[in-house]
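Everything below concerns the one structure shown next.
The values are calculated or read from the model by the stated rules, or taken from the named source; none is laboratory data. On a predicted model such as this, the values are computed, not experimentally measured, just so you know. No Cβ is skipped: glycine too gets one built from the backbone with ideal geometry, and neighbour counts run over all protein chains shown. Areas reflect the complete protein model, heavy atoms only, side chains present, ligands, DNA and RNA absent. Shrake-Rupley method; radii C 1.70, N 1.55, O 1.52, S 1.80 Å.
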Amino acid sequence: MNLLYGIGFVAALLIALLMTPLVKRFAFWVGAVDAPNHRKVHSRIMPRLGGLAIFIAFIAAYFVVSPAINTLKTDVVFGLLVGGAIVVLIGALDDRFDLSPKIKLLGQILAASVVVYSGAVIDLVNLPFADGAVSLTWLAVPLTIFWIVGVTNAINLIDGLDGLSAGVSGIATTTILVLALMMGNVTVALLCVVLLGSIAGFLFYNFHPAKIFMGDSGALFLGFCLATLSVLGFKQATVVSLLVPIMILGVPLSDTFFAIMRRWVNNLPISAADKSHLHHCLLQLGFSHRTTVLIIYGIAVFFGSSAVLLSFMSEQDALWGAVLLIAILLFVLVLGAEAIGIISKTKKPVLHFLNKIRVKTMQLSTRSRMSK
């Protein structure tokens, strides 16, 4: 089986390496290009549509290896492939014609519905202090669609620097792959392997300085794949395992959450574009393009490692550990967000509160020394 995984990875890698230059020429030919503006960090016209190369490599490599494996869940694979084709088509049209957000959202909901129809649904949750699993019943379908659409857009939101979305998606894919191998989930493992090979091949052209952008066709496809793979891997979720996919996708999900909070604090529409995402803030602090990307890679590796560590624990042992870990992560995230100004440049309540405590402590210490 390991040999087949290796063949799938190499096949996807080589196909992506071969297809990306062809897609680049095609993007220029059809006019699917990204012109620089006040929100962009690039200074020249760049071709989009890189997602086509990733998608073609993914599909081709899967069909190269899958005939040799007879234990695959072909129904859910079919759902991912068809749904993936829909989001790639929507993304490609947006790369060329700039579709309205409503049309893009409808396309994503349609793609997610295909996955749900194929049987990939979060249907059971084991709650603490409850006997057995609790069925989500009628909540299962809307919850799964919401998750898939949300993650799909989260990956798209962080696609702002050369190699950022591709690299973060590759790290998340690797984490899901490790967990799938631990659980013996052959279907998810194979899909992760070929997706990882496709990302690696494309990243050769997309890392700074990029020769091509993945565009919405790539960012939406990667987000869709990650969301679907996480559902396939954790569809019967315990309290702890329910946190695993959230932690795997910690970078895009936290950046999306902070973007929503930022727009709410500043009385802006949630769909409003800005230049205050995590990568923008790091650039404004003086980090170089490449260093910023590598810092975010490091954060993604930390989230992924935490997810793997959490999955090694038993449910009983991990419950309170998970609560403590999440509390620490949230506290660190809030401090980091306020420090770099990702929510607001002026409103920093937690830092101001901690600063007041520090000043108060220093005053008490000074009074104590003077009274002696």
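Is there any pair with a first residue in the stretch 56-83 that is within 16 Å of residue 11 (Cβ to Cβ) and a second that is open to solvent by 40 Å² or more (accessible area, probe 1.4 Å) and among the polar types (S, T, N, Q) whose Cβ atoms are under 6 Å apart and which are 6 or more apart or on different chains, and what are they?
Nothing qualifies.
Collect the residues in the stretch 142-182 that are farther than 28 Å from residue 4 by Cβ and free of Cβ contacts under 8 Å to residues at least 12 places away in the same chain, keeping them in residue-number order.
142, 146
Considering only the stretch 160-210, state which residues are in a helix (DSSP H, G or I), of a type in the set (S, T, N, Q) and surrounded by fewer than 23 Cβ atoms within 10 Å (Cβ to Cβ).
Correct list: 174, 187.
Does residue 85 fit the bill of being more than 20 Å from residue 202 (Cα to Cα) and surrounded by fewer than 17 Cβ atoms within 10 Å (Cβ to Cβ)?
no
Condition check: modelled with pLDDT under 90, assigned to a helix (DSSP H, G or I) and more than 24 Å from residue 48 (Cβ to Cβ). Does residue 128 satisfy that?
no
Would you please list the contacts, defined by Cβ atoms under 9 Å and residues six or more apart or on different chains, that run from a residue in the stretch 349-365 that is in a helix (DSSP H, G or I) to a residue that is open to solvent by 100 Å² or more (accessible area, probe 1.4 Å)?
So the pair list comes out as 350/331.
May I ask you to verify whether residue 152 is assigned to a helix (DSSP H, G or I), of a type in the set (Ser, Thr, Tyr), open to solvent by 30 Å² or more (accessible area, probe 1.4 Å) and at pLDDT 85 or above?
For residue 152, the condition - assigned to a helix (DSSP H, G or I), of a type in the set (Ser, Thr, Tyr), open to solvent by 30 Å² or more (accessible area, probe 1.4 Å) and at pLDDT 85 or above - is not met.
Got a number for residues in the stretch 267-290 being assigned to a loop (DSSP other than H, G, I, E, B) and either at pLDDT 90 or above or open to solvent by less than 40 Å² (accessible area, probe 1.4 Å) (or both)?
4
I'd like the residue in the stretch 291-304 that is farther than 15 Å from residue 336 by Cα and at pLDDT 90 or above and, out of all such residues, is surrounded by the most Cβ atoms within 10 Å (Cβ to Cβ).
Once the filter is applied, the top-ranked residue is 293.
Could you check residue 102 against (1) open to solvent by 50 Å² or more (accessible area, probe 1.4 Å); (2) not in a helix (DSSP H, G or I) and say which number it fails?
With (1) open to solvent by 50 Å² or more (accessible area, probe 1.4 Å); (2) not in a helix (DSSP H, G or I) applied to residue 102, the lone miss is (2).
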